[in-house]
Amino acid sequence: MSDWKSLEVFGLAKAEKQAWLLDELNRLTLHHQAHCAPYANLLAGQGQQARVAESLDAVPFVAARLFKMLCLSSTQPEDVFKTLTSSGTTSQVKSQIVLDRDTAALQSKVLVSLLSSFTGKARRPILIIDHDGLTGDKAGFSARGAGVQGLSFLGRDHTYALNSDMTPNWPVIDEFIAKYANAPVLIFGFTFMVWQHFIEPLIASDRSNLLPQALLFHSGGWKKLQDQAVSNDAFKTTVRQALGEGVAVHNFYGMVEQIGSVFVECEQGHLHAPSYADVIIRDQETLEVKNIGESGLIQVLSFIPKSYPGHSILTEDLGRLLGEGDCPCGRKGRYFEVLGRLPKTEVRGCSDVF
Amino acid sequence: MTNNERLVATFATSLNIEASQVVDALEYNTIPQWDSVAHMVLVAALEKEFDVMLDMDDIIEMSSVKIAKDILAKHDVVF
Amino acid sequence: MSSNIQLWAGSPDYLQWSRTQIMPFSEKRVQFLVRLSEVLLSGHYSAALTALGFWLRESQLRQWQQEYANDDKVILAPVGRVFIVSPSNVEGLFAYSWALSYLMGNQTVVRVSEQLTDDQRALFTLLESLDVQTAGLSEQAFISYDKRSDITQKLSHWCQLRMLWGSDQSIESIRQMPLPAQAQEWVFPDRYSVSVLHLTEADIPRIPKLAEGFARDVSTYQQQACASPKWVLWYQTDKTLQQQFWQAVDACLVGAFPANERLVASQYLCALGGVKVFYGNIKVIEASSILGGDQHLKGVVGQSQCSDLATITAQLPNHIQSVTAFGLDRAAKVALMTRSNVRQFAQMGHALNFDKVWDGIDLTTILSKKVRL
């Protein structure tokens, strides 16, 4: 089997990709079965032991929430390099993702390879819409920090745009702008932070057309912006107003539980599965596989997670499969859109008691 | 009004059905109107109509019009 | 910051209420509850509120009145000022404890969580309108406030009895607020409930009815109530009967639990060592003993096989509350009870029926005092 590095990021045709990814995933299933007792139990309990999947959709999946309820690790405690936690402040319980050195390194490498297919190989100056101090503490490493760090390999002259109280650090921003106004730069941040703590203040301060050659990557969900009725299109338009008409804006979808394999938005506004990862849409009620054009729960597959059984995860996000191999942007593989979170189940007040 | 007429009227009002439907053979959960929620309304109404207090076992056992009569008979309501 | 107090029904000046001479089962209060019950039973309310109306029906109130009749040695009197903190998972529960406090003649402040459910709104609207007609709630208040507010502290200082319903965590956090020496406290923390079933061939005709009851017990509040059964301990029951039972339960639970919840819950129990034995509208996971008691799972029931009562009691956690039982005689129940912390038994289909004796505590008794003459 070929090494992942030899694969073209978005270049594998359906059959080749199936063959390569399926083999990787089957190997991971066996690996985790042997090294993570709760995972082995889970397979056995569901009657899935010793099964080699014959297609991607037959690879057993783990419900994303399980990572919040259990510590699922295939790594000996002495080999734990760091433990990622989801940074959600709203949910009390956080996901715990155990990484060893190899998996952590692979996450960064894959992320770089993926994103550099958009940015090119040259490392660009990067403006990070966050504050410095996210990546310091290794033990309590947050996913936000990991995202920032993974991306930072892509850039140089890392500049943090915010103060620790989330206000724009104007002197630093202005200096970055002055230095790189005519150079290709990278900007990275979480969607709502980019909006609320960078773009809005920029516009309010009457700064415009500041970094016309920038490429913005942003991620982290639309929930907060939807609440303010900011659509993806409106987001792009406003970003270009502030930074320049030619600015490239790419959203990407990824999970704390699968850092490294992200699904980046192309010029058509479609999220693309790279060669190393895939998505399957499943019916919310029956969990059956859905076809192109249909929506349901998003299942994400990735060849990266070796230190924890996260190679096939059923998320609680809803999405729609838009197509496979035929996006006008020219990228192969599946493409889809994210529709939001699975609504929280309400407690039904049908106390049918007499 | 006889006790039987009072019983039929109470069933009809509580379950929101025609009096003609209230026959001995009518059973709990066999018509949509007599579900577990309506059952509570019915029991409360019967207790009020006949000035009795049914215990939990009676309430659970009261699964037909006939059985309702038998249970009320235990409380000295004569049919 | 005691601002941002929302009053849903009753009167706002609770910290200034003066002492009154209302006694338990005062006719005015009985009549208020009777009226409340009648409206709730009028057919225009949800099943949960209809159940509340049923519970407060006049014959029931009169029976309690008789049960607590004064005699020549003892007279029942109110405790005085009662502060009730209600849980958010079982949104209707506050009404039951409040009604008993009210019936026993107390001044009551009930705190509910800030996000009201439709049922709570409907109930408060009704209480308000009855209050307008009768002034029956002049010494009662139903309020919400931010948990960081100091109002819990004020009310803890104000009350003579503090009654806390909720998770262990929320009870422990409220318990950080000191209670004056003269005040009493009763707590109703997290509990775990199971079902113990003993079926024989002779019970086959009863399986559909038992299954319907079980389905009701688990679907009500989506298994999130303390008294909802989460595990079935099969006591000397043939596996084919168990299968029949689950098929019958399954038929009653179409659409009761979202697929993702069932998946999460069953995967969790499998990861802990359980094995899936039934897969449908509810998932059944078998293990040799109770698993996952500390998680709030939905749409899954565990089961284990027990050949004698000792294997049952050995599995029951310390915070066991209700045992919904079938096929156990009195001696078996006593045996279970004496070897574990079981606090109540319930019939199939009635696990969530509130009773004034709840969690082993007679609420009418603690909400009143017995004055010797």
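Numbers below:
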read-out: Under 5 Å, built H, 5+ apart or other chain: amide partners of residue A:251; value: A:218, A:265
read-out: Footprinting exposure proxy for B:71, C:207 (fewest neighbouring C-beta atoms within 10 Å first); value: C:207, B:71
read-out: Helix A:143-152 vs. chain A, principal-axis angle (Cα, 0 to 90°, nearest 10); value: 60
read-out: Sum of -39500 (n - 2.57) over DSSP H runs of 4+, divided by residues of the protein assembly as shown (222 nm, nearest 500); value: -10500 deg cm²/dmol
read-out: Span-like helix ranges in chain C, DSSP H, alpha carbon extent 15 angstrom or more, Kyte mean at least 0.0; value: C:27-40, C:93-103, C:207-219, C:259-271
read-out: Dipole moment magnitude, nearest 20 debye, the stretch C:6-190 about Cα centre, only Lys, Arg, Asp, Glu C-beta charged; value: 320
read-out: For B:42-51, mean number of other protein chain Cβ atoms within 10 Å; value: 4
read-out: Inter-label distance for residue C:114 and residue A:105, nm, one decimal - labels placed 7 Å from Cα along Cα-to-Cβ; value: 4.9
read-out: The protein assembly as shown - charge dipole about Cα centre, Lys and Arg +1 at Cβ, Asp and Glu -1, debye rounded to 20; value: 1640
read-out: Exposure proxy ranking, count of Cβ atoms within 10 Å, fewest first, for A:118, A:303; value: A:118, A:303
read-out: C:192, A:308 arranged by Cβ crowding within 10 Å, fewest neighbours leading; value: C:192, A:308
read-out: Shielding by partners - mean other protein chain Cβ count within 10 Å, residues of C:209-219; value: 2
read-out: Dipole of the stretch C:8-139, positive direction: furthest Cα of C:22, C:88, C:137, with charges on the beta-carbon; value: C:22
read-out: Built amide H within the under 5 Å cut-off of residue C:302, gap 5+; value: C:231, C:232, C:285
read-out: Degrees separating the helix A:101-119 axis from the principal Cα axis of chain A, which is the longest one; value: 50
read-out: Between the stretch A:218-264 and the stretch C:314-373, the Cα center-to-center distance that results, in Å; value: 55
read-out: Charge dipole of the protein assembly as shown about the Cα centre (unit charges at C-beta), most positive-ward option of C:156, C:37, A:74; value: A:74
read-out: Cα principal axis extents for the stretch A:203-354, largest first, Å; value: 66, 42, 33
read-out: Cubic angstrom per residue, convex hull over Cα atoms of chain C; value: 159
read-out: Ratio Rg/Rh [Cα only; Rh per Kirkwood] for the protein assembly as shown; value: 1.03
read-out: 10 Å Cβ neighbours from other chains, averaged over peptide C:50-56; value: 6
read-out: Cα-based shape type of the stretch C:122-258, given that a ≥ b ≥ c are square roots of the gyration tensor eigenvalues and the cut on a/c is 1.5; value: prolate
read-out: C-alpha long axis of helix A:170-180 to longest principal axis of chain A, angle in °; value: 90
read-out: Magnitude of the charge dipole, chain A, Cβ model with Lys/Arg +1 and Asp/Glu -1, debye to 20; value: 400
read-out: Amide H partners (placed H, <5 Å) of residue A:130, local residues excluded; value: A:161, A:162
read-out: Dipole-positive endmost among A:329, C:70, C:365 within the protein assembly as shown (Cβ charges, Cα centre); value: A:329
read-out: At R0 = 51 Å, FRET efficiency that the Cβ-Cβ distance of residue C:121 and residue C:337 yields, to 0.05; value: 0.80
read-out: Relative contact order (%) - chain C, alpha-carbon pairs under 8 angstrom, separation at least six; value: 18
read-out: Under the Debye formula (equal points on every Cα, no solvent term), log10 I(q)/I(0) of the stretch A:2-126 at q = 0.11, 0.17, 0.18, 0.23 Å⁻¹; value: -0.52, -1.15, -1.22, -1.35
read-out: Two-site label geometry, residue C:168 and residue A:326: point separation in nm, points 7 Å out along Cα→Cβ; value: 5.7
read-out: Contact order relative to length of chain B, as percent, for alpha carbon pairs under 8 angstrom and 6 or more apart; value: 34
read-out: Karplus 3J(HN,Hα) series, Hz, for the stretch C:68-83 with 6.51 cos²θ - 1.76 cosθ + 1.60 (x for Gly, Pro); value: 9, 4, 6, 10, 7, 9, 9, 10, 7, 9, x, 6, x, 9, 10, 10
read-out: Between the stretch B:16-79 and the stretch C:6-47, the alpha-carbon center distance in angstrom; value: 29
read-out: Chain A - percent relative contact order, Cα under 8 Å, separation 6 or more; value: 19
read-out: Inter-label distance for residue C:42 and residue A:227, nm, one decimal - labels placed 7 Å from Cα along Cα-to-Cβ; value: 3.8
read-out: Rounded Å value of the spacing that divides the Cα centres of the stretch C:69-118 and the stretch C:139-177; value: 13
read-out: Karplus 3J(HN,Hα) series, Hz, for the stretch B:52-63 with 6.51 cos²θ - 1.76 cosθ + 1.60 (x for Gly, Pro); value: 10, 10, 8, 8, 4, 4, 4, 4, 6, 6, 6, 9
read-out: Residue-wise HN-Hα coupling along the stretch A:319-333, computed from phi with Karplus coefficients 6.51, -1.76, 1.60 (Hz; x: Gly, Pro); value: x, 10, 6, 9, x, 8, x, 10, 5, x, 6, x, 6, 7, x
read-out: Chain A - Kirkwood radius from inverse mean 1/r over Cα pairs (Å); value: 21.2
read-out: Mean Cβ count within 10 Å, highest first, over the residues of peptides C:333-345, A:284-296, C:272-284, C:221-233; value: C:221-233, C:272-284, C:333-345, A:284-296
read-out: Beta bridge orientation in the protein assembly as shown: antiparallel %, DSSP, nearest 5; value: 45
read-out: Three-way shape call for the stretch C:6-190 based on the alpha-carbon gyration tensor, with the a/c threshold at 1.5; value: oblate
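Each value in this text was obtained by applying a stated rule to the coordinates, not by laboratory testing. Just so we're clear, the structure is a prediction, and the values are computed from it rather than from any experiment. Methodologically, a virtual Cβ is constructed for each residue, glycine included, from the backbone with ideal geometry; neighbour enumeration extends over all protein chains shown.
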